[in-house]
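Rule-based calculations on the coordinates, nothing more; no lab input. This is a predicted model, so every value here is computed, not measured. Because the Cβ atoms are built from the backbone with ideal geometry, glycine has one as well, and the counts that use them run over all protein chains shown.
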Amino acid sequence: MEFIPEQVHYEFKRGMYWTRISVKLDSGEGIILMCASKQYITDRYNVSGTIDERHVQRWLADALEEIKKEGKMIRVGGVYKKTYSFTPEGHANAEEFLRGITP
């Protein structure tokens, strides 16, 4: 299984970092859409100032490691969505946001 992440984007209105990851499987390809709230990255990585590229890349690397462990859940032609937040409202906001992203 090969994971090919795109650039991480920031959605200012919702305060979300998000990316699309192509997953090459033996028999085809799947897609992962994932996002993290700004608050999640700030709290998770103890950011005291502005979130910068190294914080975002650390989140991406940690998320990819977690997803690799869950790899059996990814299906050919499927879209897997993963959200990162510390609150139920944050997860709901992230899920709503990801519904608007084209896989």
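Quick grid of which residues meet (1) in contact with a helix residue (DSSP H, G or I) (Cβ under 7 Å, 6 or more places away or on another chain); (2) loosely packed, with under 12 Cβ neighbours inside 10 Å; (3) among the hydroxyl-bearing types (S, T, Y):
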{"site": "D62", "(1), (2), (3)": "no, no, no"}
{"site": "E65", "(1), (2), (3)": "no, yes, no"}
{"site": "G77", "(1), (2), (3)": "no, yes, no"}
{"site": "K81", "(1), (2), (3)": "yes, no, no"}
{"site": "T87", "(1), (2), (3)": "no, yes, yes"}
{"site": "E95", "(1), (2), (3)": "no, no, no"}
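Cβ-Cβ distances below 9 Å connect the following pairs, each with a first residue in the stretch 65-90 that is farther than 13 Å from E2 by Cα, a second residue that is part of a helix (DSSP H, G or I) and acidic (D, E), and a separation of six or more residues or different chains: K81/E95; K82/E66; T83/E95; F86/D43. Do the conditions hold for T42, that is, is it surrounded by fewer than 11 Cβ atoms within 10 Å (Cβ to Cβ) and without any contact (Cβ under 8 Å) to a residue 40 or more places away in the chain? Spelling it out, it is not the case that T42 is surrounded by fewer than 11 Cβ atoms within 10 Å (Cβ to Cβ) and without any contact (Cβ under 8 Å) to a residue 40 or more places away in the chain. For the stretch 1-27, how many residues are over 15 Å from P103 (Cα atoms) and without any contact (Cβ under 8 Å) to a residue 60 or more places away in the chain? Counting residues in the stretch 1-27 that are over 15 Å from P103 (Cα atoms) and without any contact (Cβ under 8 Å) to a residue 60 or more places away in the chain gives 9.
Reported count of residues in the stretch 1-14, each being assigned to a loop (DSSP other than H, G, I, E, B) and surrounded by 14 or more Cβ atoms within 10 Å (Cβ to Cβ), is 2.
State yes or no: is R20 surrounded by 14 or more Cβ atoms within 10 Å (Cβ to Cβ) and in contact with a strand residue (DSSP E or B) (Cβ under 7 Å, 6 or more places away or on another chain)? Here the answer is yes, as R20 does meet what is asked. Answer with yes or no whether N93 is at positive phi and polar (S, T, N, Q). Considered against the rule, which asks whether it is at positive phi and polar (S, T, N, Q), N93 comes out as no.
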